[in-house]
Amino acid sequence: MSLKTSTRKRKIAAAIILHCCVEEEEEQELKLRTRTTWVQELYLEREESAFFRSFQSIFRSNSPDRFKDFVRMNPDDFDFILERVRPLIEKADTRLRRAISAAERLAVTFRYLATGDSMQSLSFLFKISVPSISMMVHEGCDAIYKTLKDDFLKLSSFQRCHNLVHFGPSHAHGGGIWEVP
């Protein structure tokens, strides 16, 4: 094979590779340009037809037992916890969309905890995207723990002894490490 032939084959190979790269970039740009919706159709009608709105109006007032079946607690307990966690889970409305209410966020969290349903199942039920459901459950659990731990969770005797031995008497009942008498 001559030097001219190998150089010519290299140029042809380089041209083919360049052509393939350009086509791939154009396809990616086309994919980006063809996106026409910001929100999937399933979630567009959430405000009007979501389960939570009918759940709130029907079960809360007419059938507290059905409410309890759904979130595994009575409406009064739900309201008590909601008032405690509301500052931590409530989001502000924006110009683009209304925020999901703190009550709905908490209902998603309790439904997940009560049933162990998949995020996808909760997404279909509440008409909220899976990533949003996942974030709500995480934030809801975190808020419940932060607001109720001091009143409802007691340290075990082992933990109290551990704190006493390692941190001194001021920490036996859960005091912080940096509290200096």
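The values are calculated or read from the model by the stated rules, or taken from the named source; none is laboratory data. Predicted, not measured: the structure shown is a model, and the values here were computed from it. Glycine also receives a Cβ, built like all others from the backbone with ideal geometry; neighbour counts cover every protein chain displayed. The accessibility values were calculated without ligands, DNA or RNA, using every heavy atom of the protein model including side chains. Shrake-Rupley method; radii C 1.70, N 1.55, O 1.52, S 1.80 Å.
Listed here are the helices (runs of 4 or more DSSP H) enclosed by segment 59-158 that have at least 3 residues being at pLDDT 90 or above and open to solvent by 80 Å² or more (accessible area, probe 1.4 Å): 75-89, 130-152. Applying a threshold of 6 Å to beta carbon distances and a minimum spacing of six or more residues, or different chains, the list of pairs starting in segment 60-85 at a residue that is within 15 Å of Tyr112 (Cα to Cα) and without any contact (Cβ under 8 Å) to a residue 24 or more places away in the chain and ending at one that is of a type in the set (Lys, Arg) and open to solvent by 30 Å² or more (accessible area, probe 1.4 Å) reads Phe67/Arg60.
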